[in-house]
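*Asks:* Please find one structure pasted underneath; my questions will follow.
Where a number appears in this text, it was derived from the coordinates with a stated rule and is not lab data. Worth saying up front: this structure is predicted, and the values here are computed from it rather than measured. Virtual Cβ from ideal backbone geometry, glycine too; neighbours counted across all protein chains shown.
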Number of protein chains: 2
Amino acid sequence: MNDLTLSRVSELFDELEEESRIFISRVERIQTPICPLDFHREYVAPNRPVIIESLSEDWNASSKWNLDYFRSVLGNDICQISVVPDGLADAVVEGKFQLPEERKIKFSFFADVIEGKTKPEDEGVYYLQRQNSCLTEDYPKLAKDVPNHVEFATKVFEFPSSPDAINIWVGGKSSVSSLHRDPYENIYTVIRGKKIFKLFPPTYRGKIVYKEFPVVRCYYNQSISKWERKTEKGIDSVRWIENGVDGVDASPIIVEVKPGETLYLPAGWFHQVYQEDITIAVNYWYDRAYDQRYVKERFIDQLAELLHET
Amino acid sequence: MNDLTLSRVSELFDELEEESRIFISRVERIQTPICPLDFHREYVAPNRPVIIESLSEDWNASSKWNLDYFRSVLGNDICQISVVPDGLADAVVEGKFQLPEERKIKFSFFADVIEGKTKPEDEGVYYLQRQNSCLTEDYPKLAKDVPNHVEFATKVFEFPSSPDAINIWVGGKSSVSSLHRDPYENIYTVIRGKKIFKLFPPTYRGKIVYKEFPVVRCYYNQSISKWERKTEKGIDSVRWIENGVDGVDASPIIVEVKPGETLYLPAGWFHQVYQEDITIAVNYWYDRAYDQRYVKERFIDQLAELLHET
């Protein structure tokens, strides 16, 4: 590839980014009830996020959920909590892809830590965030406070089947996700606190650079009272985004999701997520469609890889 | 661009074509009533054609329309007919983009010609095919025999608006369209005869080669009893597909549309259309969506142009 042609392909990516900005720079807000056909035509098919303001209005979770309620329900239940020294789990830190320590502790201790009532010896950042449908798998006592599927979404995405996973997320402001994307249609509801999503659509792919990283897992070494990282067994490397949200040469679309609000984040969108104060959120992952749209997305991905290799 | 990289981009196009074939090699058949959401999710959003078998069942046109009925309704009305020496209107012939002679003649004479009852002096191929919403504009007496919109399609494409154009097509087996694509969602119903669509999805774009062609218009020169072509005024050139359906290095998806059947042909699909015997058809053009999907399609188009230039 000589320089001229390389720059022309790069220009095409710039145009793709610029033109797609016309359609997605502003995230609309809508109310329920939602007509599934309108939702599919206006948001799902064109791959556009939207905030749904009133979806969770009548969920029990909306009125009941906070840390004290969780303490009363979960009692002394042992929960799996992600702990890292720096708030960065599943993120590239010092050239390595860093997994969190997965610690089993009492919910009440976890709640005390994120509220600042207790300072653990490790001084780590604690986050309840297992993404294995943890709400239904690990916390059935809480799961009954939210619907087991989102009716309009189930109709829209894959009637008559159900979501692939329902996750709960509980943490404080020090927990930040790294820039990534998921192969799921995401219905993400904030119950308490606030989430800030920094987004790039799939059409900004020319600006997103992936690289292979060795994988390490954090652990707190009690005998010397220090955080260390060890090579994770059984996995050689992970392909992850090298440049975080601040390293992408384009402005992210920033969306604040406040209590009671729901973000529809289409499959394939890049996102880095922040939170303010103690934040409790629930999300429903529905399978994305694997069809012509996916094939085109992969084509664009692979072309971007070619461009970045050169 | 050195040869290696060029060949890698070309390989990406091959993969795009190959992978998309998984999803669109077979055109399904469905019945009415059609759930608009299902239709949008299964066909419109993934850009997949489908045959609807029973849409036109209760249209008056289905029972009434044939050439004799048209003769009785249109009487001696003067109609605009496309006439060419070779059946190829709006097609590249001998290195030039050829427009048809647009002749105004009595419908009954046109009907006699395509039925072979009369052999015109010019020995041309006659086709009623103006694409200016000709059914409603030119033949209001026939337009009342079909609905003025297709209810489910109007809901799916752009509720609450109506189709951009409704066209009628009447001709014999010598009329063949050239390979092209339209920026419309197409609902195409055959009333009599048979249409054969040879299709390539937009993802085969790497195999479709466009070039600029000078524009000529056919006319029959009565004084010397010969067909001639003259440069069309006011238009320098037309960008058109250089390789016809047989020149594309991939097998087309072939769809036969028989009387009473309707093809949904998604926007952007390449098609070359043949017909058997005397064929009468009606089609509804709905505006395509201009959004992220369109932006991605243009990106793929322009990359293919880069590839073909090199």
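*Asks:* Starting from the Cα of A:Glu242, move 7 Å in the Cα-to-Cβ direction to define the label point; list residues of the range A:9-32 whose amide nitrogen is under 19 Å from there.
*Replies:* It comes to A:9-11, A:13-14, nothing else.
*Asks:* While we're looking at this one, here's another question. Which whole number gives the average, over all residues in B:142-151, of C-beta atoms from other chains lying within 10 Å of the residue C-beta?
*Replies:* Values: counts 0, 0, 0, 0, 0, 0, 0, 0, 0, 0.
The mean count of partner-chain Cβ atoms within 10 Å per residue comes to 0.
*Asks:* Another question about this same structure. Say a site is exposed when it is one of the trypsin sites (Lys or Arg not before Pro), sits in a DSSP loop, and has at most 13 other Cβ atoms within 10 Å; what is then the longest site-free stretch of chain B? Before the final figure, lay out each step's value.
*Replies:* Numbers: sites that count: B:Arg26, B:Lys117, B:Lys144, B:Lys233.
The longest uninterrupted stretch comes out as B:27-116.
*Asks:* Give the order of A:Thr32, B:Thr136 when sorted by the count of other beta carbons within 10 angstrom, beginning with the fewest. If you can, show how the numbers build up before the last one.
*Replies:* Values: A:Thr32 15, B:Thr136 18.
Taking fewest neighbouring Cβ atoms as first place, the list is A:Thr32, B:Thr136.
*Asks:* What full-extension length gain, to one decimal in nm, is calculated for A:Gln131 and A:Lys173 as 0.36 nm per residue of separation minus the Cα-Cα distance?
*Replies:* On the way: separation 42, 0.36 × 42 = 15.12 nm, distance 1.89 nm.
Contour length minus Cα-Cα distance gives 13.2 nm.
*Asks:* Where Lys and Arg each count +1 and Asp and Glu each count -1, what net charge lies around A:Val273 among other residues with Cβ under 15 Å from its Cβ? Before the final figure, lay out the partial values.
*Replies:* On the way: positive: A:Lys173, A:Arg181, A:Lys194, A:Lys195, A:Lys198, A:Lys258; negative: A:Asp90, A:Asp182, A:Asp246, A:Glu256, A:Glu261, A:Glu276, A:Asp277.
The answer is -1.
*Asks:* Under the √(5λ) rule applied to the eigenvalues of the Cα gyration tensor, what semi-axes describe the equivalent ellipsoid of the range B:141-223? Give them in Å, descending. If you can, show how the numbers build up before the last one.
*Replies:* Details: eigenvalues 159, 101, 41 Å².
Equivalent-ellipsoid dimensions as semi-axes: 28, 22, 14 Å.
*Asks:* Sticking with this one: What percent does the relative contact order of the range A:25-154 come to when contacts are Cα pairs within less than 8 Å and at least six residues apart?
*Replies:* On the way: 136 pairs, mean separation 31.9, N = 130.
Answer for the range A:25-154 is 25 percent.
*Asks:* Suppose you put the label 7 Å out from Cα in the Cβ direction; list, shortest first and in nm with one decimal, how far A:Lys258 is from each other copy's label.
*Replies:* Label-point distances to the other copies, shortest first: 6.1 nm.
*Asks:* Let's test this: bin the Cα-Cα distances of the range B:247-302 at 5 Å from zero up to the farthest pair and state each bin's percent.
*Replies:* Going from the shortest bin to the longest, the percentages are 4, 11, 20, 21, 18, 15, 7, 4, 0.
*Asks:* Still on this structure, please answer the following. May I ask for the equivalent-ellipsoid semi-axes of the range A:153-310, computed as the square root of five times each C-alpha gyration tensor eigenvalue and listed largest first in whole Å?
*Replies:* On the way: eigenvalues 138, 118, 57 Å².
Computed over the range A:153-310, the values are 26, 24, 17 Å.
*Asks:* Hey, any idea what Rg/Rh is for the range A:121-179, computing Rh the Kirkwood way over Cα pairs? Intermediate results must be reported in sequence, preceding the final value.
*Replies:* Numbers: Rg = 14.6 Å, Rh = 13.4 Å.
Rg/Rh: 1.09.
*Asks:* Which entries of A:Lys96/A:Lys258; A:Lys96/A:Lys226; A:Lys155/A:Lys198; A:Lys211/A:Lys233; A:Lys173/A:Lys233; B:Lys64/B:Lys144 have Cα-Cα distances beyond 23 Å here?
*Replies:* Values: A:Lys96/A:Lys258 33 Å; A:Lys96/A:Lys226 18 Å; A:Lys155/A:Lys198 28 Å; A:Lys211/A:Lys233 20 Å; A:Lys173/A:Lys233 30 Å; B:Lys64/B:Lys144 12 Å.
Table pairs above 23 Å Cα-Cα are A:Lys96/A:Lys258; A:Lys155/A:Lys198; A:Lys173/A:Lys233.
*Asks:* Another question, if that's okay. Starting from a Cα-only point model with no solvent, please compute log10 I(q)/I(0) by Debye for the range A:1-64 at q = 0.29 1/Å.
*Replies:* Normalising to I(0) and taking log10 leaves -1.16.
*Asks:* While we're on this one: Rounded to whole Å and ordered largest first, report the semi-axes of the equivalent ellipsoid of the protein assembly as shown derived from its Cα gyration tensor (root of 5λ). Don't skip to the answer; put the middle values down first.
*Replies:* On the way: eigenvalues 688, 164, 56 Å².
After diagonalising the Cα gyration tensor, the semi-axes are 59, 29, 17 Å.
*Asks:* In whole angstrom, and with the biggest value first, how far do the Cα coordinates of the range B:67-123 range along each principal axis?
*Replies:* The Cα atoms of the range B:67-123 stretch 42, 18, 17 Å along their principal axes.
*Asks:* Taking just the alpha-carbon atoms of chain B, what radius of gyration and Dmax come out, in angstrom?
*Replies:* Radius of gyration, then largest Cα-Cα span, for chain B: 20.3, 66 Å.
*Asks:* For peptide A:195-208, how many partner chain Cβ atoms fall within 10 Å of a residue's Cβ, on average? The partial results should precede the final answer.
*Replies:* On the way: counts 0, 0, 0, 0, 0, 0, 2, 2, 4, 0, 0, 1, 0, 0.
Averaged over the peptide's residues, the number is 1.
*Asks:* Then there's this: If you take every residue apart from B:Trp59 with its C-beta less than 11 Å away from the C-beta of B:Trp59, what net charge results, scoring Lys and Arg +1 and Asp and Glu -1? Numbers along the way, then the final one.
*Replies:* Values: positive: B:Lys64, B:Lys144; negative: B:Glu57, B:Asp58, B:Asp145.
Net local charge, B:Trp59 excluded: -1.
*Asks:* Is there a quick way to get the dipole size of the protein assembly as shown? I mean about its Cα centre, with the Cβ of Lys and Arg at +1 and of Asp and Glu at -1; what is the value in debye to the nearest 20? Let's see the in-between values first.
*Replies:* Values: 76 positive and 100 negative charges, 145 e Å.
The dipole magnitude comes to about 700 debye.
*Asks:* Net charge around A:Phe39, counting only other residues with Cβ within less than 12 Å of its Cβ (Lys, Arg = +1; Asp, Glu = -1)? Present the calculation step by step, with values, prior to reporting the outcome.
*Replies:* Details: positive: A:Arg41, A:Arg48, A:Lys155, B:Arg41; negative: A:Glu28, A:Asp38, A:Glu42, A:Glu151, A:Glu185.
Computed value for this residue: -1.
*Asks:* Same structure, new question: For peptide A:293-306, compute the average count of partner chain beta-carbon atoms within 10 Å of each residue's beta-carbon.
*Replies:* Per residue, the average neighbour count from other chains is 6.
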